[in-house]
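The values are calculated or read from the model by the stated rules, or taken from the named source; none is laboratory data. Note that this is a predicted model, so its numbers are computed, not measured. Here the Cβ is made from the backbone with ideal geometry for all residues, glycine too, and neighbour counts use every protein chain on show.
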Protein chains: 4
Amino acid sequence: MSLSYGKYLKLRELLACQEPESAKHGAPAHDELLFIVTHQTYELWFKQVLHELDAVLALMGGAAVAEKDVGRALHHLERIVKIQGVLIDQIDVLETMTPLDFLDFRNLLTPSSGFQSAQFRSIENKLGLARTQRLRYNEADYEASLDAPDRPAVGAAERAPSLFGVVEAWLARTPFVASPQFDFWQEYRTNVTRMLDEDRATIEGKAQLAPAAQRAQLEEFARTRETFASVFDSARYEALRAAGQRRLSYEAFLAALMIMLYRDEPILQNPFRLLTALVTIDENLSLWRYRHVLMVQRMIGAKIGTGGSSGQDYLRRTVEAHRVFLDLFNLSTYLIPRSLLPRLPNALREQLGFRRDA
Amino acid sequence: MSLSYGKYLKLRELLACQEPESAKHGAPAHDELLFIVTHQTYELWFKQVLHELDAVLALMGGAAVAEKDVGRALHHLERIVKIQGVLIDQIDVLETMTPLDFLDFRNLLTPSSGFQSAQFRSIENKLGLARTQRLRYNEADYEASLDAPDRPAVGAAERAPSLFGVVEAWLARTPFVASPQFDFWQEYRTNVTRMLDEDRATIEGKAQLAPAAQRAQLEEFARTRETFASVFDSARYEALRAAGQRRLSYEAFLAALMIMLYRDEPILQNPFRLLTALVTIDENLSLWRYRHVLMVQRMIGAKIGTGGSSGQDYLRRTVEAHRVFLDLFNLSTYLIPRSLLPRLPNALREQLGFRRDA
Amino acid sequence: MSLSYGKYLKLRELLACQEPESAKHGAPAHDELLFIVTHQTYELWFKQVLHELDAVLALMGGAAVAEKDVGRALHHLERIVKIQGVLIDQIDVLETMTPLDFLDFRNLLTPSSGFQSAQFRSIENKLGLARTQRLRYNEADYEASLDAPDRPAVGAAERAPSLFGVVEAWLARTPFVASPQFDFWQEYRTNVTRMLDEDRATIEGKAQLAPAAQRAQLEEFARTRETFASVFDSARYEALRAAGQRRLSYEAFLAALMIMLYRDEPILQNPFRLLTALVTIDENLSLWRYRHVLMVQRMIGAKIGTGGSSGQDYLRRTVEAHRVFLDLFNLSTYLIPRSLLPRLPNALREQLGFRRDA
Amino acid sequence: MSLSYGKYLKLRELLACQEPESAKHGAPAHDELLFIVTHQTYELWFKQVLHELDAVLALMGGAAVAEKDVGRALHHLERIVKIQGVLIDQIDVLETMTPLDFLDFRNLLTPSSGFQSAQFRSIENKLGLARTQRLRYNEADYEASLDAPDRPAVGAAERAPSLFGVVEAWLARTPFVASPQFDFWQEYRTNVTRMLDEDRATIEGKAQLAPAAQRAQLEEFARTRETFASVFDSARYEALRAAGQRRLSYEAFLAALMIMLYRDEPILQNPFRLLTALVTIDENLSLWRYRHVLMVQRMIGAKIGTGGSSGQDYLRRTVEAHRVFLDLFNLSTYLIPRSLLPRLPNALREQLGFRRDA
């Protein structure tokens, strides 16, 4: 029998999955379908996001990643960015439901909750949200809110290599960071140190500056120098990392910084794009969370005295607490002007280009 | 057993509805899931659009519509506008699939086709797309492409009152258009005629104008006068209607024009908003169709010599041919400056306001 | 001389306003034009937002607001919502500038800063951001960062009636809240009290419930009752207000709640839409601020030890601290199911409808 | 004197460029500012688009393009895509102006018109819209509508190399298309011919097929074969080109096809992305034009009998007629399944990768 659109998409089954509770309780609430459809489209897109993440993990999870596959991985990540755009924008639709309309069926949904979305938890895990980083909700681990049959898949996603992990390992393997001909890190430190020395001399030489203003500028300068010093010394970097203020390994951090600075070299273009995509994914996830927070607030308001324990407060704190690629945002702290960039030796430059240039 | 998120949304069933053909044929194509998920989210949103249209038809389908219910109907229509925004924007996601990736499974889908979407056909029918207006595809009526079990619902949607129909009837019942104290149409015609006379005198009086320029302005003026004349005379209006150039009944047309012109009067505000929402829905549907056309073109290109018979060409022609509320766009032709607007008698003005003003 | 497009839009002047500093310093940075154009389009839109706010303030600032003008004010507010959509979305464009490209001209811009946007400060003032609510930046009032010639206009915007103020006064004048025939507040309290009594009885009657679970439910119940109690008593409400946890006057709060609950009555439809538009404007402003925060973070990273004094941290805290219509979000806390809504007497119901119904 | 935000952005000058005609005529129309601001933001973005196009033309206009610069050009094109997103979306704002509000000042703008936007004409020219392809408006060349002082720049943009031109030349120089070790075009034709032979055999072998169905399938097959035949023969291709049905040179066409088919090879990834960006730019331009058409229609309606000469009709026809990169959409016609793709010899494959693989 030939394939039809409806059979291919299993529309009969798909369109039978909407069962409003309000109808079962004899008081159909018009907007409950909207509530269901919105969440179901979220879950369909979540499935797609997981599919893309799995593809990236497969491409980048090995001991070596072919250049070809960096481009492929990038393509999957850029698709995730586009999907996130839809996830964010479609909150506009759900917000056409008014708080009073929500009240028509809200109580019937108890105790179900979006915290039970196993796919969303798997996305967090596959991105690389660390267990230690997760806020606890109602003093319980996140698995507590999952349906029992969902736990194995979510747990497996947590134990398997994550996007953060494979990217970190891939970065750490970047070949060009240090070689006999060019030690990026040493050259970078030299140039930064010279830049800082000049900055300080400039400030100290400002004869016309009021003493208080000069002091302020020197304090600001001291913070800048301190910021660089904290990464020049691997021991200090590791201390920051142990304190949870950095997450990337030192090697991965250095490589990521080099990619940011030399991103126009052909072989570094895709890695740069990939890092940018990760930053955007992280940003979009935070934006989605924050829109979610505001929507919940306008839907249900806030009770007196619920303090830190409520779902709404938990959501609000995850906006910043559950970020995965924060280290990549912080890389910008360490950029230096192109004019101060150590010059790549020609031999290395050729290595970063295509063979056919020869 | 208590309700969980997953049970409520029937996630097990929902997430089992994605069955890529490529996997069945032993050559899984990564992007087929995207193709399925995109279309399934479309169908879920279509279901919601139908739910909103049904609500509007129920509210406005009777012999009289309470003012309260105009506001409710408007709310449903504005939700449809928001949903359309998502439908249009999410084409961005599908376009991350490249033509070559599509080719990996495209042939496996034959002969299924989006033309078989019964829900989409029902939306067109409920909006009020007339059978006579529908383009024929492959020399067949649109039902020919539907799965047999889908035909009854689509046919019922066609035979039942449509949004176009109930709005037209509701407009035609607008009470204030003509009354002993104020005959909108007569006053409007008087003012328009005066305006046109002045326009002509102005042109004829432009002594410094070159004859050719004056002739051009007079031709333009003649077209304007002709445009108004075509609606001043109900017989001429009906002739345009018979020729398919107008669709709204004369009474509905007059009422819609009055609503556009006096939209700030309290009782006309919601009707004005409702007409605006219909215009936007029509516009969004055309935009969605056109984005769809461009996407198909970039996905599959074009064959030599397929002429007018191809699906792509059919799609392209529906962009304009399948518009439902074109008459409301054309209303703007007949607007006149506020300064020329017939003044409402105070008694009528009070009727258009709220009781509490008394 | 006849008007041309270019003359009308003053394009020669407009397109001469882009003067990159990098070019002046002899090292043109390609992306500086993007930085300028983005900010200039922001300022143009800000001018439009101010124009719309002024229109609303003029329409609603008087001792009485005609129903007609509520609809007009709403139209202006809904336009602001659309403009905010563009303001948020166009951050996507600025984010195509990479941190390294920004570095090419960033230092040349010192000490100019977005905090100096007088129009943005005026928008905040006209919306009704209270001086007491404003976070201080670098231990200084916000005027400190403005150019001197900009201060008078911004200060005038602060001293003049704000949107918050005129809406609050307009709400407080709502006529139907208490009348001999119907005292909304008394009826509401009666019904809420009955609802709460039943809730408690239900919890206490759950024989099968474990004691700990029952205790948790009772605590939750106590919080709910406390939440209602805090507004039942005007003295307690005023205490919350004095503590900065509420901002709307008691009368305005009651009226807003009544509008939310009876929004389908014809005369309350526009007020309801207006409150919804205010909520959306507040939400969009927060979203824009948060996107801004994330963009700044990815552009410039973060320094060690800057603590709470940095611009980035200030921006981040304004996301929540500078919200203006938070009370309207919190209204949802006090909604009750439609089934518990006090029934409006027929005489009142008629007053809430249109005269012509008679 | 230190740089302030306002001085940097020349806000005093910028915000003095809005001079509503209605105010000059003594009857200020509130919405005229919106009309001006919207068009001014368009012009600012147009300036940015021209800046990006110039950068691409500079990077790709030479006799050879370094791989590094392909990545840079791509970055500029992707920014244009983002800007187009804003240009399309902000029509939402202008559409909050109602036709009646527009009428308050519409006549004052005569005879100025958007057709006079010199920057927009320059964008069309720099993209590569050919003069022969341009629709004529009012039987005149497009320069006729420009202000005299604007003509030189627009004309220069037309005479200088366009994006279409430099991309075509760059494609034609692609080195890997034919070499002693691998002749892409010959291998491709061989595989396509085999595929077509098998297709025909399959159809002819369908014993159970009704004769009419078989005939239909054979006709469809003939069209497919004809489509391929039209490009296999360079003379036929040139004939299509002379007839205006193709625009790319034969060499550029072959190279673009090869890039589409082997896009995963490292050296072809950026070229593939670049072609995709061009397709998206073309698509977005058409979408913007079509949204523009619909907006104009809802703003001013349509006159009887203006036939093909009106501005609205002209706009509508440009949506399809003024497309620049249509050939790239049509490439999809010639894609073949990955399984039929000629295998690249290892030596060539290495050439397409990075040197460091060695």
**Prompt:** Listed residues A:G205, A:G244; which is within 30 Å of A:D313 (Cβ to Cβ) and at pLDDT below 95?
**Reply:** A:G244
**Request:** With the condition kept exactly as written, say whether any residue in region C:49-62 is touching a residue at least 40 places away in the same chain (Cβ under 8 Å), facing chain D (nearest Cβ under 7 Å) and surrounded by fewer than 20 Cβ atoms within 10 Å (Cβ to Cβ).
**Result:** no
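Restricting attention to region C:1-46, and to residues there that are hydroxyl-bearing (S, T, Y) and more than 21 Å from D:D54 (Cβ to Cβ), which single residue is farthest from the other protein chains (Cβ to nearest Cβ)?
Only one residue tops the list, namely C:Y42.
Being in contact with a strand residue (DSSP E or B) (Cβ under 9 Å, 6 or more places away or on another chain), in contact (Cβ under 8 Å) with a residue 40 or more places away in the chain and either closer than 30 Å to D:R263 by Cα or more than 12 Å from chain B (Cβ to nearest Cβ) (or both) is the requirement here; does A:E67 meet it?
yes
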**Request:** Could you please find all residues in region A:133-161 being in contact (Cβ under 8 Å) with a residue 40 or more places away in the chain and not charged (D, E, K, R)?
**Result:** A:Q133, A:L135, A:Y137, A:N138, A:A160, A:P161
**Asked** Which ones in region C:20-37 are part of a loop (DSSP other than H, G, I, E, B) and touching a residue at least 12 places away in the same chain (Cβ under 8 Å)?
**Response** C:P20, C:H25, C:A27, C:A29, C:H30, C:D31
**Asked** Restricting to region A:319-358, what's the tally of residues that are within 14 Å of chain C (Cβ to nearest Cβ) and in a helix (DSSP H, G or I)?
**Response** 15
**Prompt:** Say we look at region A:305-325 and pick out the residues that are modelled with pLDDT of 90 or more and among the β-branched types (V, I, T); which of these is surrounded by the fewest Cβ atoms within 10 Å (Cβ to Cβ)?
**Reply:** A:V319
**Complete:** If we ask which residues in region A:195-229 are more than 17 Å from C:S310 (Cα to Cα) and either within 12 Å of chain C (Cβ to nearest Cβ) or in contact (Cβ under 8 Å) with a residue 40 or more places away in the chain (or both), their number turns out to be 5
**Item:** Residues of region A:196-236 that turn out to be farther than 29 Å from A:E251 by Cβ, of a type in the set (K, R) and surrounded by 15 or more Cβ atoms within 10 Å (Cβ to Cβ), as a count
**Value:** 1
**Request:** Mind telling me which of the residues D:R273, D:R291 ends up being within 30 Å of B:E283 (Cα to Cα) and out of contact with any His (no Cβ under 6 Å at 6 or more places or on another chain)?
**Result:** D:R291
**Message:** Suppose we keep only residues that are among the polar types (S, T, N, Q) and in a helix (DSSP H, G or I) within region C:72-108. Which one would you say is farthest from A:L261 (Cα to Cα)?
**Reply:** C:Q84
**Prompt:** Can you list the helices (runs of 4 or more DSSP H) found entirely within region C:230-304 that contain at least 1 residues being of a type outside the set (A, V, I, L, M) and at the interface with another protein chain (Cβ under 9 Å from one of its Cβ atoms)?
**Reply:** C:266-300
**Item:** Matching residues in region A:178-193 - criterion: being without any contact (Cβ under 8 Å) to a residue 40 or more places away in the chain and not in a loop (DSSP other than H, G, I, E, B)
**Value:** A:A178, A:D183, A:Q186, A:T193
**Asked** Which condition breaks for C:N138 when tested against (1) within 14 Å of chain D (Cβ to nearest Cβ); (2) farther than 22 Å from C:P20 by Cα; (3) not acidic (D, E)?
**Response** (1)
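Search region B:150-178 for residues being more than 19 Å from B:D327 (Cα to Cα) and at pLDDT below 95, and hand back the single one that is nearest to the other protein chains (Cβ to nearest Cβ).
If we take residues in region B:150-178 being more than 19 Å from B:D327 (Cα to Cα) and at pLDDT below 95, then B:P175 is nearest to the other protein chains (Cβ to nearest Cβ).
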**Request:** With the condition kept exactly as written, say whether any residue in region A:71-80 is more than 30 Å from B:I83 (Cβ to Cβ), within 9 Å of another protein chain (Cβ to nearest Cβ) and basic (K, R).
**Result:** yes
**Asked** What are the residues in region C:100-114 that are closer than 17 Å to C:V293 by Cβ and under 31 Å from the mean Cα position of the chain (by Cα), if any?
**Response** C:S113, C:G114
**Message:** Step by step: first the residues of region C:47-71, then only those that are at pLDDT below 95 and not in a loop (DSSP other than H, G, I, E, B), then the one that is farthest from C:A23 (Cα to Cα). Which residue is that?
**Reply:** C:E67
**Message:** Taking the criterion of being assigned to a helix (DSSP H, G or I), acidic (D, E) and under 26 Å from B:T96 (Cβ atoms), would at least one residue in region A:38-46 satisfy it?
**Reply:** yes
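Of everything in region B:99-117, what is facing chain A (nearest Cβ under 10 Å) and either surrounded by fewer than 19 Cβ atoms within 10 Å (Cβ to Cβ) or touching a Pro at 6+ places or on another chain (Cβ under 9 Å) (or both)? Give them in sequence order. Before you say what the answer is, go through the steps one by one.
Going residue by residue through region B:99-117, those that are facing chain A (nearest Cβ under 10 Å) are B:101, B:108-117.
Within region B:99-117, B:L108, B:L109, B:T110, B:P111, B:S112, B:S113, B:G114, B:F115 meet the criteria.
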